[in-house]
1. In segment 119-167, which residue that is of a type in the set (A, V, I, L, M, F, W, C) and within 24 Å of the chain's Cα centre (by Cα) is nearest to K187 (Cα to Cα)?
2. Out of all the residues in segment 357-372, which are in contact (Cβ under 8 Å) with a residue 40 or more places away in the chain and within 19 Å of P41 (Cβ to Cβ)?
3. Quickly run through segment 728-767 and pick out the residues that are small (G, A, S), open to solvent by less than 50 Å² (accessible area, probe 1.4 Å) and farther than 16 Å from A654 by Cα.
4. Are there any pairs, at least 6 apart or on different chains, whose C-beta atoms fall under 7 Å, with the first in segment 487-515 and farther than 22 Å from N423 by Cβ and the second open to solvent by 60 Å² or more (accessible area, probe 1.4 Å), and if so, which?
5. Can you name the residue in segment 383-407 that is away from ligand 2 (no atom under 13 Å from the Cβ) and crowded, with 24+ Cβ neighbours inside 10 Å and is also farthest from N46 (Cα to Cα) among such residues?
6. Given (1) among the small types (G, A, S); (2) over 25 Å from C558 (Cβ atoms); (3) within 15 Å of ligand 1 (Cβ to nearest atom), identify the lone condition not met by A276.
7. Of the residues N183, N188, which is open to solvent by less than 10 Å² (accessible area, probe 1.4 Å), part of a helix (DSSP H, G or I) and modelled with pLDDT of 95 or more?
8. Does D316 count as under 25 Å from A230 (Cα atoms) and away from ligand 2 (no atom under 16 Å from the Cβ)?
Amino acid sequence: MTLRNLFILLFPLATFAQSKDYPIQPVSFTQVKVNDHFWQPKMNINATVTIPYILKMCKEHGRIDNFLAAAGKRENKVCSEFTFDDTDVYKWIEGASYALQVAPNATLSKYLDSLIDIIGLAQEPDGYLFTFRTIKPAKPHDWVGDKRWVKDSILSHELYNSGHLYEAAYAHHNATGKKNLLNIALKNADLLCKDFGWGKLEIYPGHQIVEIGLAKLYRITGNKKYLDLAKFFLDVRGPHGDAYNQANKRVVDQTEAVGHAVRAAYMYSGMADIAALTGDTAYLKAIDAIWNDVVTKKLYITGGIGATNNGEAFGDAFYLPNMSAYAETCAAIANVYWNSRMFLLHGDAKYIDVLERTLYNGLLSGMSLNGTRFFYPNPLASVGQHDRSGWFSCACCISNMTRFLPSVPGYVYAQNRNNLYVNLFMSNSSEIKLPAGKVQLTQNTNYPWNGRVEMKVDVTKPTAFALHIRIPGWAEGKPVTGELYSIAEEPKAIAITVNGKPFSIKTVKGYAVLQRTWQKGDRITVELPMQPQHVYANQQVKANEGRFAIQYGPVVYCLEGWDNKDSIVQNIVVDRNAPMQVSYKGDLLNGINTITMAGSSAKRQLNTAELITSKQQVTAIPYYAWDNRGAGEMEVWIPYTQAASRPQPAPTVAYTSKVTASIRSRSIMAVNDQFEPADSKDNSVPYFHWWPKKNTTEWVQYDLNSERTVSSCKVYWFDDGPWGGCRIPAKWTIYYRKDGQWVPVKNTTDYEIAKDKYNSVTFEPVATTGLKLEVQLQVDYATGIHEWIVE
Ligand code: FUB
Ligand code: ZN
């Protein structure tokens with residue numbers, strides 16, 4: 001018997017108490033019974049709709065079949081597209097286990113066991129678990145090397161799969177007390193310990209997460225080799241790799257957030273874990289600096305991170321475009337993980353400000369209210385090209401959402417000796433064990449629609465402890481630390497009473513500290529005055545020039561077409577001083593506060609630069625709730641200057657036509673939307689593209705609203721070279737409809753082909769009801785169109 005097996009035999013369910021860990025510990029979500037009007041329905045939907053739905057989708061999309069094939073239970077074939085598809089199953093197990101922990105469900109528990117049996121059979125005898133290799137497909141996936149691990153620093157995701165396996169095993173073990181998945185995880189981790197390390201394979205994980213997974217295995221078993229391996233995986237990274245996966249510098253030398261945002265924030269979380277578990281100060285110094293970089297330069301007002309789709313990555317400082325914002329749902333979840341850990345290290349409410357902002361906005365937007373549609377990027381503006389989807393072949397964000405939601409109650413409270421932190425506000429009843437005694441704490445609130453929180457302390461005997469109540473940054477006029485965002489309104493007075501008597505608030509690290517000997521039935525009220533607030537972005541954020549955002553408590557608002565005149569919003573302007581009215585609408589979007597104000601909107605006209613403007617009422621809804629009534633226009637940052645707004649297009653030939661293309665795409669409306677790109681690669685305005693096609697002939701067609709005589713066209717190509725997959729086309733030709741046939745126009749000038757400008761062609765006038773723009777794609781590239789003008 002190995003020592004490890006002996007350990008497991010002796011301490012079957014023990015969680016090892018480390019000598020070092022986070023000074024502050026979260027109060028486990030199992031001790032926090034949420035009965036909140038806002039969160040409870042969302043967690044119910046996750047448990048009753050999303051969890052079964054995602055299992056069904058994992059079955060339909062080959063995820064379970066991959067395990068069956070690797071287990072030798074079906075034909076030898078990889079049944080899905082990405083080498084990290086195993087993680088969808090692991091994340092589903094994590095979510096399902098968390099859900100089981102709060103609501104026992106025998107059928108689910110039985111199914112989990114049978115699924116875990118299959119995973120066990122898919123594991124190779126020495127612990128290796130990666131279906132894409134074990135299946136031994138006829139043609140291995142391009143991302144998978146011919147030997148284990150060798151391509152992990154690039155794309156194989158073998159260690160990423162392991163990390164999610166460990167996270168799932170930890171959750172499943174904690175939820176059920178069972179060891180079936182944990183044993184699979186430990187066998188895999190033992191293999192990692194054998195293969196990787198100084199003097200062995202010195203390879204860094206291409207996509208981080210194995211670090212936090214290993215830290216959890218260390219916490220369960222107390223076996224330091226898992227902790228050492230996690231530290232090795234951090235220390236072996238850099239300095240000669242790519243910024244894409246944060247390998248351009250040693251982790252301890254990093255001071256700025258760069259590269260793929262999910263990888264980054266998982267890595268920062270891992271650094272926090274290892275710093276907490278080892279006392280390492282170099283990691284701390286690095287993540288403190290990186291955190292400052294993110295919150296002062298790279299954080300969306302929604303808490304989203306990772307501004308660009310180019311590498312799904314952080315952009316440069318202050319690069320925070322709205323319509324093309326990437327802000328991946330996984331990155332928002334990773335941002336919550338990271339900020340929660342930063343709080344546990346430092347005990348400062350500024351981290352919870354970021355966490356709360358992310359939670360209520362850029363994370364929650366990731367899933368529809370009905371629990372079955374998902375955003376991968378979470379843009380802050382749209383003309384209707386964005387819509388949640390029921391599935392993506394890369395389903396990372398979907399499975400991530402379902403594992404995250406049941407864990408929300410675990411972010412409400414935290415404790416450190418006889419200090420009890422109240423971080424989030426939601427109705428709940430909780431049992432918390434402090435050294436001084438057991439505390440039953442309840443919260444009653446209508447947050448986030450109202451800032452009054454009533455709390456009750458129940459103790460069996462008078463108990464001395466300090467209650468640290470977070471005073472949110474938004475209530476003090478500070479959205480997040482630093483100068484990235486500011487709030488115009490003067491903060492209103494915050495009031496706390498204890499048993500009806502005013503408590504004089506002095507904050508320590510963002511908390512009102514109520515130190516006293518608590519008696520049974522003590523009551524606390526907290527009044528966080530909510531009012532609609534105008535938020536302004538730092539002037540260096542070019543995308544938000546002349547614009548403000550609205551925030552009410554922790555909730556960021558947006559304008560959506562559904563609630564506004566003509567179903568459009570990009571043409572709206574609202575004076576900064578226009579008063580805003582708040583009203584609760586119980587029957588709208590599962591119950592929300594709407595915010596209304598007076599504004600105006602503008603329309604372009606034909607042949608004159610003069611705009612037609614008219615007054616209108618403007619309605620804002622919470623950002624997280626947009627796109628639940630169908631796709632359409634939306635914007636978070638509202639223009640207060642005409643120059644910042646985009647007036648409704650003029651009724652040109654193109655704009656009044658019906659537009660179709662050789663492929664179906666929501667973005668087709670971009671070709672006649674009259675948004676002017678700054679250059680061909682400008683992805684901050686809508687564009688239409690054929691990527692990943694190449695070397696084919698494609699088309700876009702205008703069906704005119706009546707017969708018109710036309711004699712010229714201008715096209716602005718989308719070309720995102722040298723990194724992207726679109727280039728100007730090899731050739732283009734205009735056809736017109738004549739007697740039901742497409743006939744090429746007789747051009748009187750050449751067809752220009754150049755990027756960063758309109759390309760013109762003039763032709764002999766034709767009277768027609770239809771025009772077709774045919775493009776021949778370059779051999780190795782797709783192309784795209786910003787705008788196609790007809791005159
Ligand atoms: O690589 C695995 C996941 O797929 C990443 O976390 C996402 O950003 C997507 O690239
Ligand atoms: Zn994702």
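1. L165
2. Going through segment 357-372, the residues in contact (Cβ under 8 Å) with a residue 40 or more places away in the chain turn out to be 357-365, 367-372.
Passing the criteria: L359, Y360, N361, L363, L364, S365, M367, S368, L369, N370, G371, T372.
3. Keep residues of segment 728-767 that are small (G, A, S), which gives 730, 740, 754, 760, 767.
Cutting the leftovers down to open to solvent by less than 50 Å² (accessible area, probe 1.4 Å) gives us 754, 760.
Across segment 728-767, the qualifying residue is only A754.
4. So the pair list comes out as N499/R523.
5. Looking at residues that are away from ligand 2 (no atom under 13 Å from the Cβ) and crowded, with 24+ Cβ neighbours inside 10 Å, I get V383.
6. (3)
7. Working: N183 fails: open to solvent by less than 10 Å² (accessible area, probe 1.4 Å).
Among N183, N188, only N188 is open to solvent by less than 10 Å² (accessible area, probe 1.4 Å), part of a helix (DSSP H, G or I) and modelled with pLDDT of 95 or more.
8. On the way: under 25 Å from A230 (Cα atoms): no; away from ligand 2 (no atom under 16 Å from the Cβ): yes.
Here the answer is no, as D316 does not meet what is asked.
The values are calculated or read from the model by the stated rules, or taken from the named source; none is laboratory data. Quantities reported herein were computed from a predicted structural model and do not represent experimental measurements. No Cβ is skipped: glycine too gets one built from the backbone with ideal geometry, and neighbour counts run over all protein chains shown. These accessible areas exclude ligands, DNA and RNA; they are computed on the full protein's heavy atoms, side chains included. Shrake-Rupley method; radii C 1.70, N 1.55, O 1.52, S 1.80 Å.
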